[in-house]
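First the structure, in the form of structure tokens, and then the observations on it.
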Amino acid sequence: MGIDLGTKTIGVALSDVERRIATPLETIKRVKFTPDAERIKALTERYEIGGLVFGLPLNMDGTEGPRSQATRAFVRNLKPILPLPILFWDERLSTMVVTRTLLEADASRAKRANAVDKMAAAYILQGALDRYERIAADAEHAEDEARLRADSHMDASSEGRMLDDYDDKDL
């Protein structure tokens, strides 16, 4: 589940069971920590979520400011209530990208306001899913290369042994 934690709303997105595609789910209007956390927990239980990806609002230079600290504090308080793996994902420019996409789609201001947070959550989650897929593909590629090297090494070793089995006088 992807989470875009804002000061007034919380955007929520889900991935498919194969963890390939992120889809916007809903926008939660922020009230206070306890009801916000309860809503997130209810969604994780309803959709049998295995982990959370929280957007981390970094400054443009990559440093953490007050919003990042607030997000980390929210997650720290959420962990005892919701003991799931949590990943922070750099969310710089996510809202801008989503807003631009909605503008290009000629969405009205009201539709943009209603959709931007959950779409930003999907954008954050999709970034993490894509990275996860690249890591898995790289690991698979490395395993294939190691297997090929091992096979070619074994072939070369067995050829060497076969030659070593003969005495020079036999040749």
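Overview of results
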| read-out | value |
| --- | --- |
| Cβ crowding within 10 Å averaged over residues, with 9-20, 119-130 ranked highest first | 119-130, 9-20 |
| Under-5 Å amide H pairs with Leu25, H placed in peptide plane, nonlocal only | Val12, Ala13, Leu14 |
| Protein accessible area in region 32-131, 1.4 Å probe - carbon and sulfur % | 54 |
| Per-residue ³J(HN,Hα) for region 33-46, Karplus 6.51 cos²θ - 1.76 cosθ + 1.60, θ = phi - 60°, Hz, x for Gly and Pro | 4, 4, x, 5, 5, 4, 5, 4, 4, 4, 5, 5, 6, 4 |
| Long-range amide H partners of Gly6 with built H, under 5 Å | Gly11 |
| Theoretical gain in end-to-end length, Ala150 to Ile81 [0.36 nm per residue, Cα-Cα removed] | 20.1 nm |
| Region 1-135: C-alpha gyration tensor shape, a/c 1.5 cut-off, then a/b vs b/c | rounded |
| 1.4 Å probe accessible area per residue over region 1-134, in Å² | 59 |
| Amide proton proximity set for Arg30, modelled H, under 5 Å, gap of 5+ | Thr9, Ile10 |
| Under the Debye formula (equal points on every Cα, no solvent term), log10 I(q)/I(0) of region 38-92 at q = 0.23, 0.28 Å⁻¹ | -0.89, -1.12 |
| Extension reserve of the Phe33-Ile135 stretch, reckoned as 0.36 nm per residue once the Cα distance is removed | 33.3 nm |
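The values are calculated or read from the model by the stated rules, or taken from the named source; none is laboratory data. Predicted model only: the values in this text are computed from it and were never measured. Positions of Cβ are backbone-derived with ideal geometry, glycine not excepted, and every protein chain shown enters the neighbour counts. Areas reflect the complete protein model, heavy atoms only, side chains present, ligands, DNA and RNA absent. Shrake-Rupley method; radii C 1.70, N 1.55, O 1.52, S 1.80 Å.
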